[in-house]
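Notes follow once the structure below has been shown.
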């Protein structure tokens with residue numbers, strides 16, 4: 001049972017007769033009137049239990065975009081339903097109008113559209129729908145809750161998408177599809193063509209020239225169908241918030257940009273999200289939209305408060321591919337975690353694969369380093385220098401093992417990682 | 001991406017209905033989930049009701065010589081004994097009630113016990129009571145009446161002050177009730193009883209005096225000439241604690257059990273004359289205040305129900321773990337500061353500056369510090385000893401020196417960078 005503001009004001013209005021005619025009679029009479037109103041409304045209200053519901057939900061929505069969830073109500077009672085319907089979305093789903101009024105005559109249907117603007121990535125849920133069915137006076141209502149689980153998958157925003165055109169242009173330049181033909185675009189033999197002035201004489205294929213009696217040059221293209229394995233660390237270090245987003249969110253952005261780029265570059269991309277077990281695994285081997293599969297798999301990921309099981313990563317990579325691959329580890333370069341696990345891992349991985357370590361750099365540390373305005377700030381600057389020093393030392397050790405390191409702020413990490421991929425591809429190291 | 005967002009499920013969505021359980025099943029579920037709290041609430045309500053009934057239903061009081069007080073100082077025992085002898089004992093607490101009961105009982109059917117512990121009754125009221133009692137043909141037993149009061153009850157009776165109590169006292173007169181009782185308590189508290197109650201002892205001079213202490217002419221029990229008004233200066237014999245001692249009960253029953261009705265009149269505040277005091281708050285307030293305010297209280301409860309009722313169950317929000325990344329940095333900085341680690345902090349700052357200078361001057365990360373100093377001096381045009389002192393000299397001792405050094409290091413790096 002629930003009451004409305006109208007009932008409250010009716011009770012307040014009953015104060016007038018009580019003051020005008022003081023006495024037990026007017027008091028009891030007012031009480032009787034209120035009780036009658038309650039009784040009439042309760043008896044004549046449509047039962048909230050005789051409503052059937054259906055949900056229509058979008059398959060997924062990118063974080064930051066608005067969407068709407070539709071609830072279809074069918075009134076299965078003979079009475080008219082005058083109700084307030086509340087869709088129980090969790091707060092981060094950002095329901096703008098979860099509470100709506102409906103009027104459905106007996107046996108009829110209606111649809112409610114709830115506008116949503118999610119504020120968090122992941123699987124957002126609405127477990128139930130509550131119906132507050134008022135009587136004809138609109139004063140007292142019967143209230144009931146119907147379990148109607150609904151799930152909205154909020155996908156990563158992929159802000160790094162804006163870097164995609166420029167990076168793709170660079171990739172096409174490598175590929176020789178652009179106007180400029182350059183020799184050193186790769187190591188894989190592409191085709192033979194006639195020599196034109198300006199071509200590098202070193203690329204003349206003498207054997208073919210002898211056959212054709214015309215000067216013929218070889219053209220090269222970047223390697224294709226190479227494996228790219230992205231390992232996304234979802235352990236405790238990914239819970240660190242840098243510049244209003246967690247390291248995991250930055251890692252997802254970087255992974256998405258790299259995956260799209262590598263797929264357009266003709267390589268096969270696999271992604272593993274790992275801490276102590278595999279949280280998500282996507283491979284471009286199958287047909288279909290790789291990006292879609294990837295964002296769907298990455299959407300529900302959340303940082304786990306456990307230590308990364310680094311020794312098992314090599315095994316996870318081996319499961320994905322038995323061949324040489326570009327292994328991109330998106331993790332943290334912080335002291336402690338890296339010294340124990342990361343360095344031995346990349347050392348062993350780099351014996352077989354090309355390894356890139358990508359880590360988010362905290363711009364707050366760089367800012368703290370420069371602030372020497374007070375004693376406290378100076379101590380802070382010293383602490384920042386200490387942190388940067390350790391980080392530089394770890395980076396140096398990792399680089400000595402022949403591993404590339406991309407260490408950038410959250411905004412720069414995705415494009416820098418893409419640049420690293422293009423650089424490696426250009427150098428033919430894939 | 002946008003095509004992903006707008007794409008909707010093509011399969012037929014599931015239809016949800018209310019839980020098909022009947023009302024009884026739902027009640028059963030409620031019972032299973034909230035059993036503990038429901039039982040707690042039931043026990044609470046039951047205990048409250050029990051306490052209320054016990055407090056209200058027992059009609060107990062705690063007044064001295066009250067016939068509803070079972071405590072040692074009460075007189076419930078005496079009343080029960082008299083009831084068992086067929087006497088109808090009733091308590092009154094105002095003169096008007098007493099007089100009404102007296103006239104209702106009819107002539108010659110009543111005994112009135114008068115007890116005025118706080119001396120509320122005025123002599124005029126006492127005279128009225130005595131007159132009415134005499135007209136009704138009843139007996140008046142006054143328990144320790146005040147001197148002025150006892151004089152109004154009967155001109156034969158006089159107060160004779162107080163006396164020291166003795167363990168026991170003999171009748172010492174020819175009055176048949178007193179003779180039948182023989183020996184009663186003398187008014188001193190019984191040492192054998194825990195937390196003994198003792199009431200003041202008074203002596204009265206009447207036409208016939210009984211239980212006269214040695215060397216006194218006045219007695220603890222005095223009668224007037226007609227024998228229908230008596231003053232009992234030793235009411236302690238009536239209380240529950242002492243009733244069973246010696247002839248106490250005999251005297252009580254004989255004195256109070258003459259007539260079929262016994263009116264136990266304890267003077268209360270109701271007998272005080274209404275003074276010309278200011279009108280009370282209740283008389284000043286308009287008549288609608290109470291109903292209106294009580295109605296407003298009801299309206300307030302309705303308002304709480306209106307605003308407080310949730311539209312549906314609470315929705316939980318599972319929050320992900322988020323840790324601020326520079327937490328360790330701030331912690332280390334605070335540790336430095338708390339420990340006044342000027343040396344460590346300065347060494348770190350210098351080392352970082354040296355590394356950066358070496359990189360800026362293209363000396364490589366393995367360059368000797370002295371080489372960096374020389375290169376820096378050459379690049380900036382500063383004297384070598386000054387640069388050496390700043391980068392490799394003695395470490396600062398105070399925070400002030402450290403601050404100065406930190407600022408100078410920044411300036412030096414900027415100078416090299418601008419070169």
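List of remarks:
- Filter pass, residue A:147 being within 10 Å of chain B (Cβ to nearest Cβ), touching a helix residue (DSSP H, G or I) at 6+ places or on another chain (Cβ under 7 Å) and closer than 23 Å to residue B:17 by Cβ: no
- Criterion (under 26 Å from the mean Cα position of the chain (by Cα), surrounded by fewer than 12 Cβ atoms within 10 Å (Cβ to Cβ) and at pLDDT 80 or above) met by exactly one of B:41, B:55: B:41
- Selection count where residues are over 39 Å from the mean Cα position of the chain (by Cα) and within 26 Å of residue A:121 (Cβ to Cβ), scope the stretch A:75-109: 0
- Flag if residue A:23 is without any contact (Cβ under 8 Å) to a residue 24 or more places away in the chain and within 10 Å of chain B (Cβ to nearest Cβ): yes
- The criterion of at least 2 residues that are free of Cβ contacts under 8 Å to residues at least 12 places away in the same chain is met, among helices (runs of 4 or more DSSP H) falling completely within the stretch A:280-361, by A:290-298, A:311-320.
- The residue list A:119, A:85, A:61 contains one member that is within 12 Å of chain B (Cβ to nearest Cβ), in contact with a helix residue (DSSP H, G or I) (Cβ under 8 Å, 6 or more places away or on another chain) and without any contact (Cβ under 8 Å) to a residue 60 or more places away in the chain, which is A:119.
- Qualifying positions in the stretch B:282-294 - surrounded by 13 or more Cβ atoms within 10 Å (Cβ to Cβ) and within 7 Å of chain A (Cβ to nearest Cβ): B:288, B:291, B:292
- Residue A:91 being within 11 Å of another protein chain (Cβ to nearest Cβ) and closer than 21 Å to residue B:318 by Cα: yes
- Screening the stretch A:30-131 for strands (runs of 3 or more DSSP E) wholly inside it with 3 or more residues that are surrounded by fewer than 19 Cβ atoms within 10 Å (Cβ to Cβ) and in contact with a strand residue (DSSP E or B) (Cβ under 6 Å, 6 or more places away or on another chain) returns the ranges A:51-56, A:67-75, A:99-104, A:109-116.
- From A:270, A:238, residue being outside any helix (DSSP H, G or I) and either within 12 Å of another protein chain (Cβ to nearest Cβ) or within 13 Å of residue A:297 (Cα to Cα) (or both): A:270
- Any hit, the stretch B:326-342, residues being closer than 30 Å to residue A:95 by Cα, surrounded by 13 or more Cβ atoms within 10 Å (Cβ to Cβ), at the interface with another protein chain (Cβ under 7 Å from one of its Cβ atoms) and more than 31 Å from the chain's Cα centre (by Cα): no
- The set of residues in the stretch A:157-173 that are within 19 Å of residue A:122 (Cα to Cα) and more than 10 Å from every other protein chain (Cβ to nearest Cβ) comprises A:159, A:160.
- Residues that are within 14 Å of chain B (Cβ to nearest Cβ) and either in a helix (DSSP H, G or I) or under 26 Å from residue A:342 (Cα atoms) (or both) do not occur anywhere in the stretch A:218-232.
- Candidates B:349, B:297: the one that is facing another protein chain (nearest Cβ under 8 Å) and at pLDDT 90 or above is B:349.
- Residue within the stretch A:91-98 that is in contact with a helix residue (DSSP H, G or I) (Cβ under 8 Å, 6 or more places away or on another chain) and more than 30 Å from residue B:289 (Cα to Cα) present: no
Yes or no, residue by residue, for (1) at pLDDT 90 or above; (2) within 24 Å of residue A:246 (Cα to Cα); (3) within 14 Å of chain B (Cβ to nearest Cβ):
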site	(1), (2), (3)
A:291	no, yes, yes
A:295	yes, yes, yes
A:299	yes, yes, yes
A:318	yes, no, no
A:328	yes, yes, no
A:338	no, yes, yes
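- Beta carbons closer than 6 Å, at least 6 apart along the sequence or on distinct chains, pair a first residue in the stretch B:375-401 that is without any contact (Cβ under 8 Å) to a residue 12 or more places away in the chain with a second that is loosely packed, with under 14 Cβ neighbours inside 10 Å and assigned to a helix (DSSP H, G or I) for B:377/B:384.
- Scoring residue A:334 on the criteria (1) surrounded by 20 or more Cβ atoms within 10 Å (Cβ to Cβ); (2) more than 11 Å from chain B (Cβ to nearest Cβ); (3) at pLDDT below 90 leaves a single failure, condition (2).
- Scanning the stretch B:133-154 for residues that are more than 43 Å from the chain's Cα centre (by Cα) and over 24 Å from residue B:103 (Cβ atoms) yields one hit, B:151.
- Restricting the stretch A:11-20 to residues that are within 9 Å of another protein chain (Cβ to nearest Cβ) and touching a residue at least 12 places away in the same chain (Cβ under 8 Å) leaves a set whose member that is surrounded by the most Cβ atoms within 10 Å (Cβ to Cβ) is A:11.
- Answer from B:367, B:358, B:377 - the residue that is more than 8 Å from chain A (Cβ to nearest Cβ), outside any helix (DSSP H, G or I) and touching a helix residue (DSSP H, G or I) at 6+ places or on another chain (Cβ under 6 Å): B:367
- For the stretch A:178-201, the criterion of being modelled with pLDDT of 90 or more, loosely packed, with under 13 Cβ neighbours inside 10 Å and more than 29 Å from residue A:245 (Cα to Cα) is met by no residue.
The values are calculated or read from the model by the stated rules, or taken from the named source; none is laboratory data. Please read all numbers here as calculations on a predicted model, not as lab measurements. Heads up, the Cβs are rebuilt from the backbone with ideal geometry, glycines too, and the neighbour counts pull from every protein chain shown.
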